[in-house]
Amino acid sequence: MCAYSGISQDSLFLLQINRFNDSKAFYEENKEKIKQGVTVPMRQIAAALSDDMLDIDPMMNTIPTKMVSRVRRDTRYTKDKRLYRENMWIMFMRPKHEWRMYPCMWFEVTPKSWFCGVGNYDAPAELMEIFRRHLVERKDEFFEAVKSAESTGARYRAELYRRSKPNCPDGLEQYYNAKYFCFIFESADMDMLSDEKIIEDIRKKYKKFAPMYNFLKDVSDEYVSKGGNFDELHEI
């Protein structure tokens, strides 16, 4: 993979215009520009960080073409039938079809901001039951992982149950009552995307996210060891 070629505001604007037009003809006319302006640089970031990801989890997928989202949306299972997206992302995770219940780290660009984060999405209830036990038994370790993730400027986001789970220890409510959660760093400094320094910035953040990833991976390991039901899981 060649050196990072950068993602410009013009490239992101073209991605946005492509979504607005929602036209196969427009996309085909601009396909190569979009590829070279956004898709290729995203793959370059994925490749540059692959060794770091394998240090965190040797079973992570590190094939850039399988890590970066497509411009063309899969509209089979959604009410939104627009053909193209205006955001692109990289998923740093184990191959999702074999290891769908495992945590992930990601990097995402949109026309107005970029993100990176760590967490689980749509985790089955049985997995979160295991998480709650780990949370109580390894509270200090978990809060060290929280501190590490938040030191990047990332913020905690979660979907909580409407009714609190019983037997929740004091001080753990926002985590204990989560259906799923993540930590997300967001920046509106779009100039960073055009410079290769963005790769080192993401690398440093992922090192800080690693303790949370490993905590969640332990939960997933136990879930799998107990015969977790793959059919209950949802796509990330």
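The values are calculated or read from the model by the stated rules, or taken from the named source; none is laboratory data. Only a predicted model underlies this, so the values are computations on that prediction, with no experimental measurement involved. Positions of Cβ are generated from backbone atoms using ideal geometry, with glycine treated the same way; all protein chains shown enter the neighbour counts.
What to note about this one:
- Filtered residues of segment 114-135 (kept if assigned to a loop (DSSP other than H, G, I, E, B) and touching a Gly at 6+ places or on another chain (Cβ under 9 Å)): PRO124
- So TYR161, is it aromatic (Phe, Trp, Tyr), in contact with a Phe, Trp or Tyr (Cβ under 9 Å, 6 or more places away or on another chain) and farther than 23 Å from ASP55 by Cα: no
- Residues satisfying the stated conditions in segment 169-200, i.e. of a type in the set (Asp, Glu) and within 16 Å of the chain's Cα centre (by Cα): GLU186
- The residue of segment 179-189 that is surrounded by the most Cβ atoms within 10 Å (Cβ to Cβ), among those that are part of a strand (DSSP E or B) and out of contact with any Lys or Arg (no Cβ under 9 Å at 6 or more places or on another chain), is TYR180.
- Residue tally, condition exposed (fewer than 15 other Cβ atoms within 10 Å of the Cβ) and more than 19 Å from LYS217 (Cβ to Cβ), over segment 126-164: 9
- Just one of the listed residues (THR75, THR39) is at pLDDT 95 or above and polar (S, T, N, Q), and it is THR39.
- Scanning segment 88-120 for residues that are within 24 Å of PHE183 (Cβ to Cβ) and out of contact with any strand residue (DSSP E or B) (no Cβ under 6 Å at 6 or more places or on another chain) returns ARG94, PRO95, LYS96, TRP99, ARG100, MET101, TYR102, PRO103, THR110, PRO111, LYS112.
- Against the criterion of being within 29 Å of TYR77 (Cα to Cα), surrounded by 15 or more Cβ atoms within 10 Å (Cβ to Cβ) and among the β-branched types (Val, Ile, Thr), ILE198 does not qualify.
- Residue count, segment 98-132 (criterion: under 16 Å from the mean Cα position of the chain (by Cα) and of a type outside the set (Gly, Ala, Ser)): 19
- Neighbours by Cβ (under 9 Å, 6+ apart or cross-chain): first from segment 188-206, free of Cβ contacts under 8 Å to residues at least 60 places away in the same chain; second polar (S, T, N, Q) and crowded, with 16+ Cβ neighbours inside 10 Å: LYS204/THR152
Let's see how each residue does on (1) out of contact with any Ser or Thr (no Cβ under 9 Å at 6 or more places or on another chain); (2) free of Cβ contacts under 8 Å to residues at least 24 places away in the same chain:
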| residue | (1), (2) |
| --- | --- |
| ARG43 | no, no |
| SER50 | no, yes |
| MET53 | no, no |
| ILE56 | yes, no |
| MET59 | yes, no |
| VAL68 | no, no |
| ARG76 | yes, yes |
| ASP80 | yes, yes |
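- Residue in segment 142-162 that is polar (S, T, N, Q), more than 16 Å from the chain's Cα centre (by Cα), modelled with pLDDT of 95 or more and assigned to a helix (DSSP H, G or I) present: yes
- ILE34 being of a type in the set (Val, Ile, Thr), surrounded by 12 or more Cβ atoms within 10 Å (Cβ to Cβ), closer than 19 Å to ILE202 by Cα and touching a Ser or Thr at 6+ places or on another chain (Cβ under 9 Å): no
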